[in-house]
1. Name every residue in the stretch 35-68 that is open to solvent by less than 90 Å² (accessible area, probe 1.4 Å) and touching a strand residue (DSSP E or B) at 6+ places or on another chain (Cβ under 6 Å), in order of residue number.
2. Quick one: count up the residues across the stretch 16-34 that are open to solvent by 90 Å² or more (accessible area, probe 1.4 Å) and either hydroxyl-bearing (Ser, Thr, Tyr) or assigned to a loop (DSSP other than H, G, I, E, B) (or both).
3. How do the pairs read when you match residues in the stretch 50-79 that are more than 23 Å from Leu2 (Cβ to Cβ) and of a type in the set (Gly, Ala, Ser) with residues anywhere that are open to solvent by less than 60 Å² (accessible area, probe 1.4 Å) and in a loop (DSSP other than H, G, I, E, B), using Cβ under 9 Å and keeping only pairs 6 or more apart or on different chains?
4. Name the single residue, out of those in the stretch 1-15 being at positive phi and in contact with a strand residue (DSSP E or B) (Cβ under 9 Å, 6 or more places away or on another chain), that is surrounded by the most Cβ atoms within 10 Å (Cβ to Cβ).
Amino acid sequence: ALGGRVEAKVPRQGYILVQPGTADEERLRLCWTSEDRPERHFVPYTYVEACKIAGMLLKQIFVDNGAPIPMHIHNSIANVNARAALSQRIMVRCSLPSRVARES
(Lines give C-alpha, C1' and ligand atoms only; values in the text may rest on other atoms or scores of the structure.)
Protein backbone atom coordinates (compact mmCIF):
# COMPACT_ATOMS: atom_id res chain seq x y z
CA ALA A 1 0.00 0.00 0.00
CA LEU A 2 2.94 2.34 0.63
CA GLY A 3 4.74 1.50 -2.59
CA GLY A 4 8.44 1.24 -3.25
CA ARG A 5 10.72 -0.76 -5.49
CA VAL A 6 14.11 -2.38 -5.43
CA GLU A 7 16.75 -0.62 -7.49
CA ALA A 8 19.86 -2.25 -8.94
CA LYS A 9 21.94 0.86 -8.16
CA VAL A 10 22.04 3.30 -5.24
CA PRO A 11 19.31 5.86 -6.03
CA ARG A 12 19.82 9.63 -6.22
CA GLN A 13 17.07 10.01 -3.65
CA GLY A 14 15.08 7.66 -1.48
CA TYR A 15 15.74 5.11 1.20
CA ILE A 16 18.57 2.60 1.25
CA LEU A 17 17.93 -0.32 3.60
CA VAL A 18 20.98 -1.43 5.58
CA GLN A 19 21.86 -3.95 8.28
CA PRO A 20 23.00 -1.73 11.19
CA GLY A 21 26.53 -2.27 12.43
CA THR A 22 27.80 -4.21 9.43
CA ALA A 23 30.77 -3.55 7.17
CA ASP A 24 28.38 -3.19 4.22
CA GLU A 25 26.47 -0.46 6.02
CA GLU A 26 29.69 1.43 6.72
CA ARG A 27 30.91 1.01 3.14
CA LEU A 28 27.62 2.22 1.67
CA ARG A 29 27.55 5.26 3.96
CA LEU A 30 31.16 6.18 3.17
CA CYS A 31 30.72 5.77 -0.58
CA TRP A 32 27.25 7.22 -1.04
CA THR A 33 26.58 9.83 1.66
CA SER A 34 26.61 13.22 0.00
CA GLU A 35 25.55 16.70 1.13
CA ASP A 36 24.19 17.38 -2.34
CA ARG A 37 21.80 14.40 -1.93
CA PRO A 38 19.83 15.29 1.24
CA GLU A 39 16.90 13.16 0.01
CA ARG A 40 19.02 9.98 0.15
CA HIS A 41 18.52 8.22 3.49
CA PHE A 42 20.22 5.16 4.94
CA VAL A 43 17.75 3.38 7.20
CA PRO A 44 17.76 0.04 9.02
CA TYR A 45 15.86 -2.79 7.36
CA THR A 46 13.33 -2.46 10.23
CA TYR A 47 12.23 0.85 8.70
CA VAL A 48 9.90 -0.96 6.29
CA GLU A 49 7.98 -2.69 9.08
CA ALA A 50 7.88 0.52 11.16
CA CYS A 51 6.29 2.33 8.20
CA LYS A 52 3.75 -0.46 7.73
CA ILE A 53 2.78 -0.28 11.42
CA ALA A 54 2.49 3.52 11.25
CA GLY A 55 0.52 3.27 8.01
CA MET A 56 2.69 5.94 6.42
CA LEU A 57 6.23 6.74 5.31
CA LEU A 58 8.11 7.83 8.43
CA LYS A 59 9.90 11.15 8.01
CA GLN A 60 13.58 11.37 8.91
CA ILE A 61 13.32 13.94 11.73
CA PHE A 62 16.73 13.67 13.42
CA VAL A 63 18.69 15.28 10.58
CA ASP A 64 20.33 18.67 10.15
CA ASN A 65 21.04 19.96 6.63
CA GLY A 66 20.62 16.44 5.31
CA ALA A 67 23.14 14.99 7.80
CA PRO A 68 22.05 12.64 10.60
CA ILE A 69 22.25 13.96 14.15
CA PRO A 70 24.19 11.68 16.51
CA MET A 71 22.00 10.45 19.36
CA HIS A 72 22.81 9.20 22.84
CA ILE A 73 20.40 7.41 25.15
CA HIS A 74 21.39 8.30 28.69
CA ASN A 75 21.85 5.44 31.14
CA SER A 76 19.51 7.18 33.61
CA ILE A 77 16.76 5.43 31.65
CA ALA A 78 17.18 2.38 33.86
CA ASN A 79 14.69 0.07 32.18
CA VAL A 80 16.60 -1.95 29.57
CA ASN A 81 13.43 -2.66 27.58
CA ALA A 82 12.52 1.04 27.51
CA ARG A 83 16.03 1.92 26.28
CA ALA A 84 15.83 -0.77 23.58
CA ALA A 85 12.41 0.47 22.42
CA LEU A 86 13.62 4.07 22.36
CA SER A 87 16.72 3.03 20.44
CA GLN A 88 14.57 1.30 17.81
CA ARG A 89 12.32 4.36 17.42
CA ILE A 90 15.34 6.65 17.02
CA MET A 91 16.99 4.31 14.51
CA VAL A 92 14.11 4.45 12.06
CA ARG A 93 13.73 8.22 12.38
CA CYS A 94 17.31 9.53 12.29
CA SER A 95 18.83 7.48 9.47
CA LEU A 96 22.03 6.96 11.44
CA PRO A 97 21.46 3.82 13.52
CA SER A 98 25.16 3.14 14.06
CA ARG A 99 25.50 6.39 16.02
CA VAL A 100 22.67 5.60 18.49
CA ALA A 101 24.34 4.79 21.79
CA ARG A 102 23.06 1.55 23.29
CA GLU A 103 24.01 1.18 26.92
CA SER A 104 23.28 -1.99 28.87
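1. Filtering the stretch 35-68 down to residues open to solvent by less than 90 Å² (accessible area, probe 1.4 Å) leaves 37-38, 40-44, 46-48, 50-51, 54-55, 58, 60-63, 66-68.
Residues satisfying the conditions are His41, Phe42, Val43, Gln60.
2. Total satisfying the criteria: 1.
3. Partner pairs satisfying both residue conditions: Ala67/Pro38; Ala67/Leu96.
4. Going through the qualifying residues, I end up with Gly14.
Residues checked against (1) modelled with pLDDT of 80 or more; (2) among the charged types (D, E, K, R); (3) more than 21 Å from Glu25 (Cα to Cα):
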residue: Ala54; (1), (2), (3): yes, no, yes
residue: Ile61; (1), (2), (3): yes, no, no
residue: Gly66; (1), (2), (3): no, no, no
residue: Pro70; (1), (2), (3): no, no, no
residue: Ala78; (1), (2), (3): yes, no, yes
residue: Ala85; (1), (2), (3): yes, no, yes
residue: Ile90; (1), (2), (3): yes, no, no
residue: Ser95; (1), (2), (3): no, no, no
residue: Ala101; (1), (2), (3): no, no, no
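The values are calculated or read from the model by the stated rules, or taken from the named source; none is laboratory data. This structure is a prediction, so every number in the text was calculated from the model and none was measured. Cβ sites come from the backbone with ideal geometry, for glycine too, and all protein chains shown count toward neighbours. Only protein heavy atoms, including side chains, enter the accessible area calculation; ligands, DNA and RNA are left aside. Shrake-Rupley method; radii C 1.70, N 1.55, O 1.52, S 1.80 Å.
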